[in-house]
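First the structure, in the form of structure tokens, and then the observations on it.
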Amino acid sequence: MRHLAYLAVLALCLLGTLPLEVWLGVRVYRRPRRLLLTLLPVVAVFYLWDVYAIAADHWTFDPAQTVGLVLPGGVPVEELLFFVVVPTCAVLAFEAVRRVKGWR
Amino acid sequence: MSYTLLSVVGVAGALLLDLVLLGTRLVRRRSFWTAYAIVLVFQLLTNGWLTGRDIVTYDDGAILGARLAFAPVEDLLFGFSLVLQTLSWWEWWGGRAALAEP
């Protein structure tokens with residue numbers, strides 16, 4: 001189970017924010033095209049940052065706590081998922097604040 | 001380039017995107033800062049998990065050395081850049097969709 005340590009925290013982020021979509025009705029997952037167009041440039045920028053940081057040894061990942069699938073540039077698959085999950089959660093939080101507070 | 005320098009560049013790039021390139025000006029809205037404050041709390045939790053368990057370890061030569069909830073302070077700038085870039089694109093695409101409506 002230890003190899004799921006990174007993946008588990010991402011799953012928790014998605015589960016934890018799901019009520020915002022389901023019960024608060026923020027309509028983020030229901031605008032998949034806009035979400036995809038938002039994620040593409042962000043994933044591209046941060047993936048490149050990750051490739052550089054890994055090559056420069058700014059940070060390293062514990063092979064025992066990741067699933068072991070490594071993408072081009074030495075990037076663990078969890079990192080790619082991080083750059084999808086965290087921005088998605090940020091959008092959900094942003095839309096939730098706007099909905100609850102009525103701010104633009 | 002050190003992580004410290006890159007993280008500052010990351011914030012500058014995000015501000016440039018928001019204020020100039022896309023012109024979404026989210027950093028002038030309380031909706032953005034409220035959302036960011038919420039995300040920040042969860043960032044400290046998840047980052048604490050990732051660094052406290054040594055899932056990710058940092059090269060001491062690439063960071064200043066100051067840490068918050070196990071994670072280097074540079075991660076705060078990294079996270080801010082990630083959130084601002086994301087919400088700026090989200091807002092920009094939303095504005096374009098509104099313009100396209102009849």
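Quick note: the coordinates plus some simple rules give every number you see, no bench work behind them. On a predicted model such as this, the values are computed, not experimentally measured, just so you know. Neighbour counts run over all protein chains shown; Cβ positions are idealised from the backbone, glycine included.
Quick rundown of the values:
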| read-out | value |
| --- | --- |
| Loop-located trypsin sites (Lys or Arg not before Pro) in segment B:24-75 whose Cβ has at most 16 other Cβ within 10 Å (DSSP) | B:25, B:53 |
| Residues A:62, B:54, B:18 arranged by fewest to most Cβ contacts within 10 Å | B:54, A:62, B:18 |
| Relative exposure of A:89, A:13, judged by other C-beta atoms within 10 Å (fewest first) | A:13, A:89 |
| Shape call, segment A:14-70: gyration tensor on alpha carbons, a/c limit 1.5 | oblate |
| Least to most buried among A:42, B:27, A:100 (fewest other Cβ within 10 Å first) | A:100, B:27, A:42 |
| C-alpha center-to-center spacing [segment A:67-104, segment A:1-48] in angstrom | 4 |
| Three-way shape call for the protein assembly as shown based on the alpha-carbon gyration tensor, with the a/c threshold at 1.5 | prolate |
| Overall form of chain A per C-alpha gyration tensor (a/c, 1.5; a/b vs b/c) | prolate |
| Gap separating the Cα centres of segment B:56-102 and segment B:1-33, nearest whole Å | 8 |
| DSSP-loop chymotrypsin sites (Phe, Trp or Tyr not before Pro) across chain A, with at most 16 other Cβ within 10 angstrom | A:23, A:29, A:103 |
| 10 Å Cβ neighbours from other chains, averaged over peptide A:51-59 | 5 |
| Cα lying deepest toward the dipole's positive end in the protein assembly as shown, options B:17, A:47, B:73, charges on Cβ | B:17 |
